[in-house]
Structures are given as C-alpha cells and as structure tokens.
Amino acid sequence: QVQLVESGGGLVQAGGSLRLSCAASGRLIPRGWYRQAPGKQRELVARITNGGSTDYADSVKGRFAISRDLAKNTVYLQMNSLEPEDTAVYYCNAVQGVYREVWGQGTLVTVSS
C-alpha cells in the first residue's frame, strides 16, 4: 500500500531550485523532510507542526521553505540556491495518530557544481 507519494527530485545545477512534494493518504499527516547523503546519517531538513510553526536545519535556513496544503494533505519543500552539499536522498516523514510513523520511499536530489 502506497501511503506517501514523493516527487520533485532530480538533477539541478548549483544555484538552481527544486520543489519537492509529499502527498499522504487520508489518515496519514506529513510533517517534515529528512535527507541522507552518501556515508552520512539521516538528518532533519525541515518540519512543520500542527500549529504551523517550522523548524529548519542550520545548513538550509534562508534557502529552503516548507509549506503544506491541508486540503490536499500534502507538504512541500521549496529548495532554492541549491548547493552540491544538498545532494542526498530526501525522505518525507509522516505520522498517523500518536504511535505510528511512516517514511516515504525517498527522492534523489543531485546538485552538480
């Protein structure tokens, strides 16, 4: 069963932009984006709370912006001024109720120098 559908990854030159989308099934609420670069641990990129507050990794502040469309149950990650260091597999994170956590399949973002 597909619960999270991620899209928007691809190859872009440094300084370019990409917009990631994560559409969730009815009871699943997408909350944030994480990424994992080769040889690195998965890390938080951006998240948004029920109240609409946001949190970003220091490395992406001022360049990335997370937003959501409640009607579509979708979260977005607008990525501007991309750098080669942003190259990673980006994963959408979602929750259902209090106990269940679900991860997307990941979408690859490659930034060339």
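Compare the peptides 34-40, 81-87 by average per-residue count of other Cβ atoms within 10 angstrom and give them in order, highest first. Working shown, then result.
Values: 34-40: 13.1, 81-87: 16.0.
Most protected by this proxy first, the peptides run 81-87, 34-40.
Considering the chain as a Gaussian network with a 10 Å cut-off on Cα pairs, which listed residue, Val45, Val75, Val12, attains the greatest mean-square fluctuation?
Its mean-square fluctuation being the largest, the pick is Val12.
May I ask you to rank Thr49, Thr74 by accessible area, largest first, using a 1.4 Å probe over the protein chains only?
Values: Thr49 60, Thr74 15 Å².
Result, largest first: Thr49, Thr74.
Compare the peptides 59-65, 21-27 by average per-residue count of other Cβ atoms within 10 angstrom and give them in order, highest first.
Numbers: 59-65: 15.4, 21-27: 17.4.
Per-residue mean Cβ counts within 10 Å order the peptides as 21-27, 59-65.
Can you tell which of Leu28, Leu70, Leu20 shows the greatest fluctuation in a Gaussian network model of the chain with Cα springs below 10 Å?
Of Leu28, Leu70, Leu20, the Gaussian network model singles out Leu70 as fluctuating most.
Between Val5 and Leu44, what FRET efficiency comes out of the Förster formula 1/(1 + (r/R0)^6) with R0 = 22 Å and r the beta carbon distance, rounded to 0.05? Numbers along the way, then the final one.
Working: r = 21 Å, r/R0 = 0.95.
That gives a FRET efficiency of 0.60.
Please calculate how many Å² of accessible area the chain carries per residue, with a 1.4 Å probe and no DNA, RNA or ligand atoms counted. Show your work: numbers first, answer last.
Working: 6290 Å² over 113 residues.
With the other protein chains kept in place, the chain gives 56 Å² per residue.
How large a share of the accessible area of the chain, in percent, is made up of carbon and sulfur atoms when the probe is 1.4 Å and the other protein chains stay in place?
Details: 3070 of 6290 Å².
C and S atoms contribute 49 percent here.
Work out, step by step, the length gained on full extension between Ala14 and Val95: first 0.36 nm times the residue separation, then minus their alpha carbon distance; give nm to one decimal.
Residue separation times 0.36 nm, minus the Cα-Cα distance, leaves 25.9 nm.
Could you tell me what percent of the DSSP beta bridges with both partners in the chain are antiparallel, to the nearest 5? Please list the in-between numbers first.
Details: 37 of 41 bridges.
Of all bridge pairs located within the chain, approximately 90 percent are antiparallel.
7 Å from Cα along Cα→Cβ at both Lys72 and Ser59: what's the point-to-point distance in nm?
Label at Lys72, label at Ser59, 2.8 nm between them.
Let me check I've understood the local charge: for Gly97, count other residues with C-beta under 13 angstrom from its C-beta, Lys and Arg +1, Asp and Glu -1. What total comes out?
Details: positive: Arg27, Arg31, Arg100; negative: Glu101.
Net charge around Gly97: +2.
The values are calculated or read from the model by the stated rules, or taken from the named source; none is laboratory data. All values reported here derive from a predicted model rather than from experimental measurement. A quick note on method: Cβ atoms are made from the backbone with ideal geometry, for glycine too, and the neighbour counts reach across all protein chains shown. Note: accessible area is taken over every heavy atom of the protein model, side chains too, but ligands, DNA and RNA are not part of it. Shrake-Rupley method; radii C 1.70, N 1.55, O 1.52, S 1.80 Å.
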